[in-house]
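Undergrad: This structure is in structure tokens; I'll ask about it shortly.
The values are calculated or read from the model by the stated rules, or taken from the named source; none is laboratory data. Everything numeric in this text was worked out from a predicted model, so none of it was measured. A quick note on method: Cβ atoms are made from the backbone with ideal geometry, for glycine too, and the neighbour counts reach across all protein chains shown.
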């Protein structure tokens, strides 16, 4: 061996040793706080001043905004649903995310890589220019194509070709290029080759397995899978973020229990209030979609299963099941605890997804922040009363004395909804003597009058004055205010009312928030 070859051999050996030492000496956990960002998936992209405040309180410094969806018509790759930009869109630097619909993913192996690059690149750049023209500070572009693992080499080639075609997307240009990734990709060596083409990658630690039948449906999150995949993510050749969930969804199954797809028409609360659906199950679930036996097994999601008792106007749907996975703050608590021992390559988490206003299918920003801070509080229920006389009943000859109408106002003043179930909210009003002539449910699902049975319910007898009214409701969203009543009281004597409420708490497994209020009432004289 020549001296030159010996020198090269020694240099190569030193490089290998140094590289191995870096791997061995790499810190087992990532130092510093867990950085958080959000995927914003709806349109238009806009942030209220309160959104901006809450995002900054969480520590968010950049957002990942869906800019368009790639699809295909059998011959060409097209872009649909381009994003629109509203007020507050420029509050944070953004990465523009381009996802692919089911048809594009299905035919990902059919198009040539060159054709996809030629047709996708100008569409990416057009949306980039639109966002910048709207005043956004664009930091990068992200592809979200959930291709099969066997096609990862094709995905890597596509990214390499897109970056070579557009100077602004090349390394060192100022714009970062990233992709999302299925959690199952981490088990393949091909994902390492894909990561070499990227500035960073975002493996998504949710919905790794979805049951195909009503009996095998799974939760969105799986803490065990997250824990097992973190060491595999450290093999990536680029930095990475972890995609984590704070959302749920609705699925519909046919009368044989086979999955038909995602359902968008009714929220869980609205579905529970439909007379055509009957509740089958409502429980806190473990990672296999079964009722959790203890808090340690609970993944932080509720599963609600309903069955249709009638067909729709087209004669379809009877016996179908409508099932929901509903997120709770415990979902955040679980993945945040696991990521406390994340590897040094992990830059933080990107949360799917930024919640729509008023939607219980994604946790509110306030609920996420409290969970990350380790101070999740149970549901906060506030109850108030309104009392007024009904002189028209006397004028119209319906009563000998002027009756009193009692209205009860209930509000969820916390950041999370109540548990979703037929018995989620129960409001009971007891009176010191029989005096209730009638009660209207108003915003509640039901109102039952009668005599107290000593077990929290009422016994209805022959038509007579009642001393107890029980109202029920299937849900209570954050900030939602509902009214029960009026309860019409016929007694002209002084009364005492005791108002008791029970709300199933979505921040705990099987917990209930209880409270009571004593209200002195004085009927108006004739």
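Undergrad: Restricting to the stretch 173-194, give me the number of residues that are part of a helix (DSSP H, G or I) and either touching a residue at least 40 places away in the same chain (Cβ under 8 Å) or at positive phi (or both).
TA: The number of residues fulfilling the criteria is 8.
Undergrad: Okay, next question. Residues 17, 24: which one is modelled with pLDDT under 95, more than 19 Å from the chain's Cα centre (by Cα) and farther than 30 Å from residue 335 by Cβ?
TA: Exactly one of 17, 24 is modelled with pLDDT under 95, more than 19 Å from the chain's Cα centre (by Cα) and farther than 30 Å from residue 335 by Cβ, namely 17.
Undergrad: It is to be established whether one or more residues within the stretch 391-404 are under 22 Å from residue 97 (Cβ atoms), at pLDDT below 90 and either part of a loop (DSSP other than H, G, I, E, B) or in contact with a strand residue (DSSP E or B) (Cβ under 6 Å, 6 or more places away or on another chain) (or both).
TA: For the stretch 391-404, residues under 22 Å from residue 97 (Cβ atoms), at pLDDT below 90 and either part of a loop (DSSP other than H, G, I, E, B) or in contact with a strand residue (DSSP E or B) (Cβ under 6 Å, 6 or more places away or on another chain) (or both): absent.
Undergrad: What residue, of 467, 443, is surrounded by 14 or more Cβ atoms within 10 Å (Cβ to Cβ), under 30 Å from residue 366 (Cα atoms), at pLDDT 75 or above and in contact with a strand residue (DSSP E or B) (Cβ under 7 Å, 6 or more places away or on another chain)?
TA: 443
Undergrad: Right, something else. Please tell me if residue 88 is loosely packed, with under 13 Cβ neighbours inside 10 Å and either touching a residue at least 24 places away in the same chain (Cβ under 8 Å) or farther than 19 Å from residue 162 by Cα (or both).
TA: Against the criterion (loosely packed, with under 13 Cβ neighbours inside 10 Å and either touching a residue at least 24 places away in the same chain (Cβ under 8 Å) or farther than 19 Å from residue 162 by Cα (or both)), residue 88 does not qualify.
Undergrad: Counting only residues that are out of contact with any helix residue (DSSP H, G or I) (no Cβ under 8 Å at 6 or more places or on another chain) and in contact (Cβ under 8 Å) with a residue 60 or more places away in the chain, which one in the stretch 195-219 is surrounded by the most Cβ atoms within 10 Å (Cβ to Cβ)?
TA: It comes out as 219.
Undergrad: Right, something else. Yes or no: residue 291 at pLDDT 95 or above, closer than 26 Å to residue 144 by Cα, out of contact with any helix residue (DSSP H, G or I) (no Cβ under 6 Å at 6 or more places or on another chain) and surrounded by fewer than 21 Cβ atoms within 10 Å (Cβ to Cβ)? Can you show your working first?
TA: On the way: at pLDDT 95 or above: yes; closer than 26 Å to residue 144 by Cα: no; out of contact with any helix residue (DSSP H, G or I) (no Cβ under 6 Å at 6 or more places or on another chain): yes; surrounded by fewer than 21 Cβ atoms within 10 Å (Cβ to Cβ): yes.
It is false that residue 291 is at pLDDT 95 or above, closer than 26 Å to residue 144 by Cα, out of contact with any helix residue (DSSP H, G or I) (no Cβ under 6 Å at 6 or more places or on another chain) and surrounded by fewer than 21 Cβ atoms within 10 Å (Cβ to Cβ).
Undergrad: I'd like to check something: does the stretch 41-49 contain any residue that is more than 22 Å from residue 340 (Cβ to Cβ), at pLDDT 95 or above, assigned to a strand (DSSP E or B) and in contact with a strand residue (DSSP E or B) (Cβ under 6 Å, 6 or more places away or on another chain)?
TA: yes
Undergrad: With respect to residue 243, determine if the residue is under 22 Å from residue 205 (Cα atoms), touching a strand residue (DSSP E or B) at 6+ places or on another chain (Cβ under 8 Å) and assigned to a strand (DSSP E or B).
TA: Criteria met by residue 243.
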